[in-house]
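The values are calculated or read from the model by the stated rules, or taken from the named source; none is laboratory data. Predicted model, so just to flag it, every value in this text is computed and none were measured. Cβ placement follows ideal geometry from the backbone for every residue including glycine, while neighbour counts extend to all protein chains displayed. Surface accessibility is based on the protein's heavy atoms, side chains included, excluding ligands, DNA and RNA. Shrake-Rupley method; radii C 1.70, N 1.55, O 1.52, S 1.80 Å.
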Amino acid sequence: MGWLDPAALFFWGGLAGLLAFAWASWFCVSSLLPAGQRYWAWLGVLCLPTWYGRTVIFTYAEPFLTPRPFAEALGLVALGFALRQQALGAIACLGFAAALHPLQALTAALVLWPWAVLQDRRWLHALWLILPVGCAALMGIAPFDGLLQRVDAAWWAELKGITGQLFVTGWPQFDYQYMAFDVALLAFAWHTRKDDVGRLFLAALIGLLLGVGASLVLVDVLHLVLPTGLQLWRVHWLAHWLAMAVFALRVASDLLDLAHLPAALLALAGPLAWGSIPVG
């Protein structure tokens, strides 16, 4: 505070986070899509709604200075390296992201790992990491001991009252509606593309199922301490990023192909899914 004006620091730091996220998004879509499709997908992830998870709280590419946009940018760069078959670069970027914001990096890994397994089943050997983690939990080594510790009743009541976003069963209908639209977009993209890109959309669906499902079982049902803190449902941020790329690309492709009715129907479905009034 004695060296820099706080207002200027947060203003320019927030701008740097947005620019880093925009560049990382371009790097990722450049790895994902051919030249004629990149611009539309990039516009989609930057301009369409960025909410995820508990939508009244969380967005990717937050417009203020926190470690989260930089960790998300590194996660996207890691995805770009993975798509370019550069595993070491992807792992290094995930490591840097984890140093900034471990929760965002961990949930990005929930998409990257299924994609790697779909490319090469030898990545299933990563599951052997469960053994040392389990041993550390049994030996009471922090923070892994939280895998066996349950949140007590008093703490549980306090968490439910103050940080309800931790518990997916307590989210309102709109959050499920929002996530369901992302699932539909990713499933459609996977169905229409059977190449490496299509497998990435499948990996995003698998990662979303793993993250939200683990939160449901380990937190809402079993009340375990460490999974409560990990907030694995945050995997939705990367799944939503991919869904917004799919949405923009699909509308642009239909319009360029003069398929005006499908483009209009999808453009109408988006505001209904993202609107403030739940459908149904």
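To the nearest 10 square angstrom, what accessible area does Met179 show with a 1.4 Å probe? Solvent-accessible area, nearest 10 Å²: 20 Å².
The residues of the stretch 134-280 have, on average, 48 Å² of accessible surface per residue, using a 1.4 Å probe with all protein chains present. Look at the Cα gyration tensor of the stretch 125-280: its axes a ≥ b ≥ c give a/c of at least 1.5 with a/b at or below b/c, and that counts as oblate.
Only alpha carbons enter this Debye calculation for the chain, each as an equal point scatterer, and the log10 of I(q)/I(0) it gives at q = 0.11, 0.12 Å⁻¹ is -0.67, -0.80. Taken one residue at a time, the phi angles of the stretch 188-204 give Karplus couplings (6.51, -1.76, 1.60, θ = phi - 60°) of 5, 5, 5, 5, 8, 10, 10, 9, 4, 5, x, 5, 5, 5, 5, 4, 5 Hz. Gly and Pro are set to x.
Rounded to the nearest 20 debye, the dipole magnitude of the stretch 134-280 is 120 debye, with +1 charges on Lys and Arg beta carbons, -1 on Asp and Glu beta carbons, and the Cα centre as origin.
Shape of the stretch 9-66 from the C-alpha gyration tensor: oblate (a/c of 1.5 or more and a/b not above b/c, with a ≥ b ≥ c the square roots of its eigenvalues).
Solvent-accessible area of the chain (1.4 angstrom probe, protein heavy atoms only): carbon and sulfur portion equals 74 percent.
Remark: the Cα gyration tensor places the stretch 1-160 in the oblate category, a/c being 1.5 or greater and a/b not exceeding b/c. Under the criterion of Cα pairs below 8 Å and six or more residues apart, the relative contact order for the stretch 153-225 equals 30 percent. The residues packed around Ala243, meaning those with a beta-carbon under 12 Å from its beta-carbon, carry a net charge of 0 if Lys and Arg are +1 and Asp and Glu are -1. The Cα center of the stretch 217-263 and the Cα center of the stretch 66-126 differ in position by 17 Å. Distance between the pseudo-spin-label points of Gln173 and Leu222 (7 Å out from Cα toward the beta carbon): 3.2 nm.
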